[in-house]
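In what follows, a structure is listed as structure tokens, so that the remarks can point back to it.
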């Protein structure tokens, strides 16, 4: 059963009680991410995520780690384009201990300058790991090409230059601006009583002072090709166009299209490029959707000699769908795949905790799995054709590559998919 309480200052406390579970997943969320950063402060959201665990007035970073380990807590945090989350999963009997630890690190972190310098080096190593991973790096490059000069195109981790320039004052100013009560959600799922959840967090979070208004700017989509030459064995490619925002009802046929095109092993791109032609080991499609924008993308890695043959297949398969070469049976199979994944996620308290928090951020209300399944089952083949034409418009198709490839080597007019 879902419950929601709103403190007078705007902090939202939400939960889904699942009495047959023995565990509780708990998350403290903030509606802020890399898209809220200035170019010179790129990476500050992620830096804060790291520093939250590095000591408070009550606990050192070692004590935080030991206390979480002692209760068997599976603890982590992540920074995205639009949200930051600090979360953990424990047995229900350890809920109060976990609540105390998460509250302490969220509200009372010291951001000690010495710890900042150590963690700065850790983050720089994280950036270097992405630089050494072509599959990760090409997505960073693709975002920057797709949304040039807009924070949605910034890397979540920041860059070496910006991370080196982040100071304690940068962090405290950013927290004062964005870590405000109307942006905070406390979300829990599993063996938790809602009233107990509210009682645990209200005394600490009701004292937070409301902040000012902040409006995000909507990005403009670019088009064209950017080849980033690098001396590696394969060419890593991301290409794609516009996807519906996460709040748009077109997200349902978009999810179906993603599944049919490159979302599983029976998808058209996987079967044609990998299974039949053996042109690549890794190929898939993906959707990155946000409040007011989205990307419908395709990733593939192949040898330089296979790039044009691979692009021809991608263009052909998208064209087929745009022209209506899709049956209701294809749609129903994809819907069955998506529904199966949704129902399996209901067996995981962490997935539920994250789903209800994201629904609260986007819609301001609870959306049940049954509602989502109903929307998916209403998707028609014509809806999928429409979304293919929406996403792969000639004027909004972007291709980015990383590896031994020049733009002149590309012989397929991939930005013109009719």
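Rule-based calculations on the coordinates, nothing more; no lab input. Keep in mind that what you see is a predicted model, and the values were worked out from it rather than measured. Cβ coordinates were reconstructed from backbone atoms using ideal geometry, including for glycine residues, and neighbour counts include every protein chain displayed.
Here are a few things to note about the model shown:
- In the chain, helical runs assigned H by DSSP with n ≥ 4 each contribute -39500 (n - 2.57); averaged across all residues and rounded to the nearest 500, the mean residue ellipticity at 222 nm is -12500 deg cm²/dmol.
- Calculated P(r) of region 2-205 - Cα pairs past 23 Å, %: 48 percent
- Model label points for residue 249 and residue 167, set 7 angstrom from Cα along the Cα-to-Cβ axis, are 5.2 nm apart.
- If R0 equals 51 Å, the separation of the Cβ atoms of residue 135 and residue 9 corresponds to a calculated FRET efficiency of about 0.75.
- Average Cα contact separation per residue, region 57-107, under 8 Å, 6 or more apart, as relative contact order %: 32 percent
- C-alpha long axis of helix 349-363 to longest principal axis of the chain, angle in °: 80 degrees
- Alpha-carbon centroids, region 53-78 and region 100-171: separation in whole Å: 20 Å
- Neighbour counts of C-beta atoms inside 10 Å place 137, 261 in the sequence 137, 261, starting with the fewest.
- Annotation for residue 309 and residue 386: the two label points, set 7 Å from Cα along the Cα-Cβ direction, are 3.9 nm apart.
- Taking the chain and dividing mean pair separation by its residue count, relative contact order in percent (alpha carbons under 8 Å, at least six apart): 22 percent
- Mean Cα-pair separation over length for region 224-409, i.e. relative contact order, pairs under 8 Å, 6 or more apart, %: 41 percent
- If you plug the beta carbon distance of residue 69 and residue 271 into 1/(1 + (r/R0)^6) with R0 = 56 Å, you get a FRET efficiency near 0.80.
- Length available on full extension from residue 343 to residue 112: 0.36 nm per residue minus the Cα-Cα distance, which gives 78.8 nm.
- On Cα atoms only, tilt of 307-322 relative to the major axis of the chain in degrees: 80 degrees
- With each label modelled as a point 7 angstrom along the Cα→C-beta vector, the residue 225-residue 316 pair spans 1.9 nm.
- Ranked by how many other beta carbons lie within 10 Å on average, peptides 17-24, 41-48, 126-133, 92-99 from highest: 41-48, 92-99, 17-24, 126-133
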